[in-house]
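What follows is a short report on a single structure.
Laboratory data are not the source of any read-out in this text; all were calculated from the coordinates shown. All values derive from a computational prediction rather than experimental measurement. Counting neighbours? That spans all protein chains shown, and the Cβs are built from the backbone with ideal geometry, glycine included.
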Ligand SMILES: [Zn+2]
């Protein structure tokens, strides 16, 4: 039997999180609003209106392009993509065709090691990156077709990869990393279930070693990373079955049925010529001056994969820690601020963050920047434990108490008397009390029963509710008994 290689390219649509739509001042995010409430003559395509470009959509699109290492064009144009569909009231979509905002770019995916295969990096090239407006939504209600225009004119970036992915796992990893990046640079909420990140997958197979590309099918309508993975696996199985049976793969568009977990044929795919693209006459080109570009790029932060590597290099963190700590930007900022404030072993900060803090964030649905337990307070707690002023379990309870009250760890330790008592006089008084209450044990100890020392220390600890420094208590007891 022939061995096959899987070839996958992903086409993503990313909803930019601007306040208003791309060509009018209607509210962009309608997720919680009733149908057809955020619409106007521009986004519903009434005659005689003119689109006005939203500057913020260009800036967010350009920031994303830069984060994908794409080249920004100083001059880019809008074009009309003509097609007829009920969710597109104008009869065309304003998009970008041959002179888009950016070109080129890539995303390098670190693929973890798995059964018998070492870790590797998959280089995924970007062949298309442009701005466009979204269309509306339609749905079937009791045999009727209903249309909601709220989403018309919401800014999108369409981004298409080359045929560079080689497995369903790599496709899933691409979406995981893209979602992380979009949230990291703050251009999209990237929630697939809300359609803020949408993905179509182009899938084909070929015999291992071949260099040509076979006809591909396009899988549409997948709204979670898991579904993308499942749908690709199903489609690869089907294509292998077809080819093995001597059939040709046709360039179909397939729709993923989430409930039934099956792919259905939607239509034979349109070719680009069907869209009759031409320049949008109602909009000026986007002129990205050097000044504007510099201003946009000044907002480009260190990217997640770069920060992940730096955490491993600079703080000597294991890959596992670096991956979790850079999963989200605010968490990674929190970690670095805590390390800076602590000035001790970064791995120790990482352990407390991954155990105590992450659990708290997950339980309460918070992000790290919303914690009352600031990075400085966490560093304070670590230092209190390190210096022996409190023990580890008191430290862990302080995490909760600081978060609940917003008070500093030192204040809580003082108010609740949580510090280990290392005051010589206080411990000495308790030691004397224990000895005078236990004449028989004192006599036995002096007669040579040295093992009673542990019992004396235990009595002192009990009277001081565990807060005495046990080493100091032992020294004082030995002195008093000699
Ligand atoms: Zn509008």
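Observations
- As a rough footprinting exposure proxy, the listed residues 240, 381, 476 were ranked by other beta carbons within 10 Å of their own, and the order from fewest upward is 240, 476, 381.
- Overall form of the chain per C-alpha gyration tensor (a/c, 1.5; a/b vs b/c): prolate
- Considering helices alone, the calculated mean residue ellipticity of the chain at 222 nm is -12000 deg cm²/dmol, with DSSP H runs of length four and up weighted by -39500 (n - 2.57) and normalised per residue.
- For the stretch 4-295, averaging the sequence separation of C-alpha pairs within contact (under 8 Å, six or more residues apart) and dividing by the residue count gives a relative contact order of 24 percent.
- Estimated FRET transfer efficiency (residue 300, residue 121; beta-carbon r; R0 22 Å; 0.05): 0.50
- Residues in the stretch 74-92 that a label on residue 99 would reach, taking backbone N under 11 Å of a point 7 Å out along Cα→Cβ: 74-79
- Packing-based ranking, highest mean first, of 356-364, 91-99 given that Cβ atoms within 10 Å are counted: 91-99, 356-364
- The separation of the stretch 22-39 from the stretch 462-482, counted between C-alpha centres, amounts to 71 Å.
- Mean-position separation - Cα centroids, the stretch 103-147 and the stretch 148-185, in angstrom: 3 Å
- When the square roots of the Cα gyration tensor eigenvalues are ordered a ≥ b ≥ c, the ratio a/c for the stretch 131-259 is 1.5 or more and a/b does not exceed b/c, which makes its shape oblate.
- Taking label positions 7 Å along the Cα-Cβ direction at both residue 265 and residue 400, the computed distance is 6.1 nm, reported to one decimal.
- Degrees separating the helix 375-386 axis from the principal Cα axis of the chain, which is the longest one: 30 degrees
- Rounded to 10°, Cα long-axis angle of helix 225-244 versus longest principal axis of the chain: 50 degrees
- Förster radius 25 Å - calculated FRET efficiency between residue 355 and residue 463, Cβ distance, rounded to 0.05: 0.15
- Subtracting the Cα-Cα distance of residue 411 and residue 432 from their residue separation scaled by 0.36 nm leaves 4.5 nm.
- Between residue 83 and residue 364, the FRET efficiency from the beta-carbon distance, with R0 = 56 Å, is close to 0.75.
- Order of 292, 252, 184 - criterion: other Cβ atoms within 10 Å of each residue's Cβ, fewest first: 292, 252, 184
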